[in-house]
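Scroll down for the structure; my scribbles are underneath it.
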Amino acid sequence: MDGHDFIPASPRPAAGAGNDGAGVQFGPGSVTEDDVRRAVSAFARQEARRPGEQSSVGSAVALAVSTRDGVPGIWLTRRSPALRKHPGQFALPGGRMDPGEDAPTAARRELTEELGVALPDCAVLGLLDDYPTRSGYTMTPVVLWAGADRVTTANPGEVAEVFFVPFDELDVEPLFDRIPESQRPVIKLPWRGGYLHAPTAAVIYQFREVVLHGEHTRVADFEQPVFAWR
């Protein structure tokens, strides 16, 4: 596939799995705001510190947890093909921080601008690790609670499609590619017949580890595919 060697992640049972190896099913009412808050609060996040690298632009992405008919999930978008940066790619709602903004403020603003979902400051549950991107940004993931059955209204100038992704679809083992351009493993997540790539895949995988499994897994050293470097 793609002319590269693929390295499967070592499988492990999902949190709460029984002897038969069956993973948790995230059905109606299976995850609450308090559950997510506790999981993120217990996580000691790391800021990006890579000595010798050029400074990057601060950005924030929103891992906004909502429920649909009681089933928890997050929103994923496909970026508008008209955008100058990364057109048509799958992404979490987000973007660069405006002057004077912190990551939670930027994530909330971007969520409103892209999906029409306005959340108060108290909706912020915490932050995950910074992820430095190859295109010159330091991405800070912000976990928020968006409540039940929220209606989204995509901004067509920025978003081509919006997807509600239930937790069951996030709870997958990643694959790792090797490329000649880097010694770091390239993470990719199986999703709906294809793959999500880093940086989005790295951020979602850490969210899965922290929130769904209580594992404090680091992802900053997972590589992006070359097409995402620009």
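Apolar share of the accessible surface for region 60-168: 52 percent from carbon plus sulfur atoms, 1.4 Å probe.
For ALA42 and ASP171, the difference between the fully extended length at 0.36 nm per residue and the C-alpha to C-alpha distance is 44.5 nm. Remark: the Cα gyration tensor places region 106-172 in the rounded category, a/c being less than 1.5.
Rolling a 1.4 angstrom probe over the protein heavy atoms with all chains in place gives region 90-137 an accessible area of 39 Å² per residue.
The values are calculated or read from the model by the stated rules, or taken from the named source; none is laboratory data. Treat the numbers as computed from the prediction; the structure is a model and nothing was measured. When the accessible area is computed, the model is the full protein with side chains, heavy atoms only, and any ligands, DNA or RNA have been set aside. Shrake-Rupley method; radii C 1.70, N 1.55, O 1.52, S 1.80 Å.
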